[in-house]
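Take a look at the structure below.
The values are calculated or read from the model by the stated rules, or taken from the named source; none is laboratory data. Because the structure is a prediction, the values reported are computed rather than measured. Glycine also receives a Cβ, built like all others from the backbone with ideal geometry; neighbour counts cover every protein chain displayed. Just so you know, the surface numbers come from the protein's heavy atoms only, side chains and all, with ligands and any DNA or RNA stripped out. Shrake-Rupley method; radii C 1.70, N 1.55, O 1.52, S 1.80 Å.
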Amino acid sequence: MTEAVTTEPIVREVRIEARPETVFEFFTDPAKLTRWLCAAATVDPRPGGVCHQTHEAEGGPYHMRGEFVEVAPPTRVVFTWGFTNPDASVAPGASTVEVTLEPDGAGTLLRLVHRDLPEAAIESHTGGWTRLLAELAEVAR
Amino acid sequence: MQQAVEAIADPRRREILRLVRARELTAGAIASHFADVSRPAISQHLRVLREAGLLSERREGTRRLYRARPEGLGGVREFVAQLWDERLDALRIEAEREERKRENDRGRDN
C-alpha cells in the first residue's frame, strides 16, 4: 500500500562571494558537481537532458536520476530529483529542485526550492505512516 | 500505526537503530552487541523495525545487512533539508575558492 502526501517546499538561501557565472557552473559541470554535491555526475545541461548523480552512503551508492527542466545561465537551473534505489523514498522525477542565482554586489544570492517531496517513507505494510508522523508532530509540540 | 510507535518504544530496538545509524551490520553482528538477548529475539526486533519503515535490509550473497533508514522518524523532508544545508555550505566554499582562483589568474595575466 502506498501513501504519499507532498510537503511544503524546502527553501534555502545562501550568499556566496562569487559571481553568478562562477556559481552556475557548479550545477552543470560534472567536474565541479563532484566538488560539493555528489561522488560522480553525468549531465546534459539543457531542457530534457539527463542529470544523473551518484551519492555515496554506508552500504552502497544512491543513484539520483533526474532531468534538467530549465537551464538559463547564469540565472536559473531546474532539475528533477529522485532515486532508483528500491529503499529510497523519492522516485526519479518525483520532486523538483529550482535554483535561482541573483547578483548581489560582487557575489551571488542563491535560492534553492525543492518541491514535491513526499511526507514520509512510502512502502509500509501497515499503512498509516503519514498519519503517525502527524500525530507524533502534535505530541512533540 | 501503533506498530511504528511500539517499534521505537522498546529500548533494545532503539539501541539497534543507534548501532546501524552510520554503518551496516549483519544480524549476527547486531546480536553480538546484546549479551542477554537471543538470536531469534534479535531477528524479531529487526522484523518489527523493518515493518515500521525504520530499518532497511540489503542482501549481499547470503548475507543480510541492516541499516537505519536515513529518514528515520523525521521524515523525508527533514532529511533532505539537512542534506541541502550541508551541501550548500560545501558549494559556497568551493565556489568562493574557484572565484578567488579566477581572480588570481586574471591578476597574473595583467
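With a 10 Å cut-off around each Cβ of B:94-103, the average count of Cβ atoms from other chains is 6.
Give me the inter-chain shielding for A:103-110: mean count of other chain Cβ atoms within 10 Å, whole number please.
Values: counts 0, 0, 0, 2, 4, 3, 0, 4.
For this peptide, the per-residue mean of nearby foreign Cβ atoms is 2.
What percentage of the solvent-accessible surface of the protein assembly as shown, computed with a 1.4 Å probe over protein heavy atoms, is contributed by carbon and sulfur atoms?
Numbers: 6370 of 12970 Å².
Carbon-and-sulfur percentage of accessible area, whole number: 49.
Based on DSSP H segments of at least four residues, each scored -39500 (n - 2.57), chain B has a per-residue ellipticity at 222 nm of -20000 deg cm²/dmol.
For peptide A:61-73, what's the mean number of Cβ atoms from other chains within 10 Å of each residue's Cβ? Please report the intermediate quantities before stating the final value.
Numbers: counts 0, 1, 0, 0, 0, 0, 0, 0, 0, 0, 0, 0, 0.
For peptide A:61-73, the averaged partner shielding equals 0.
The H on the amide N of B:Thr26, modeled in the peptide plane, is under 5 Å from the matching H of B:Tyr66, each at least 5 residues off or on a different chain.
Taking B:Ala31, B:Ala52, B:Ala90 in turn, the Gaussian network model of chain B (Cα-Cα springs below 10 Å) assigns the largest fluctuation to B:Ala90. Rank B:Glu94, B:Glu51, B:Glu78 by mean-square fluctuation in a GNM of chain B with C-alpha springs under 10 angstrom and give only the top-ranked residue. Taking springs between Cα atoms under 10 Å, the residue moving most is B:Glu94.
The separation of the stretch B:37-69 from the stretch A:9-67, counted between C-alpha centres, amounts to 33 Å. For the stretch A:1-107, the dipole from Cβ point charges (+1 on Lys and Arg, -1 on Asp and Glu) about the Cα centre works out to 200 debye, to the nearest 20. Remark: relative contact order (chain B) = 24 percent; criterion is Cα-Cα distance under 8 angstrom and separation of 6 or more residues.
Among the trypsin sites (Lys or Arg not before Pro) in the stretch B:1-87, those located in a DSSP loop and surrounded by at most 14 other Cβ atoms within 10 Å of their own Cβ are B:Arg21, B:Arg23. Exposure check, 1.4 Å probe, all protein chains in place: B:Glu24 carries approximately 30 Å² of accessible surface.
Overall shape: rounded for the stretch A:5-81, with the ratio a/c of the largest to smallest alpha carbon gyration tensor axis below 1.5. In terms of its C-alpha gyration tensor, chain B comes out prolate, because a/c is 1.5 or above and the ratio a/b outweighs b/c.
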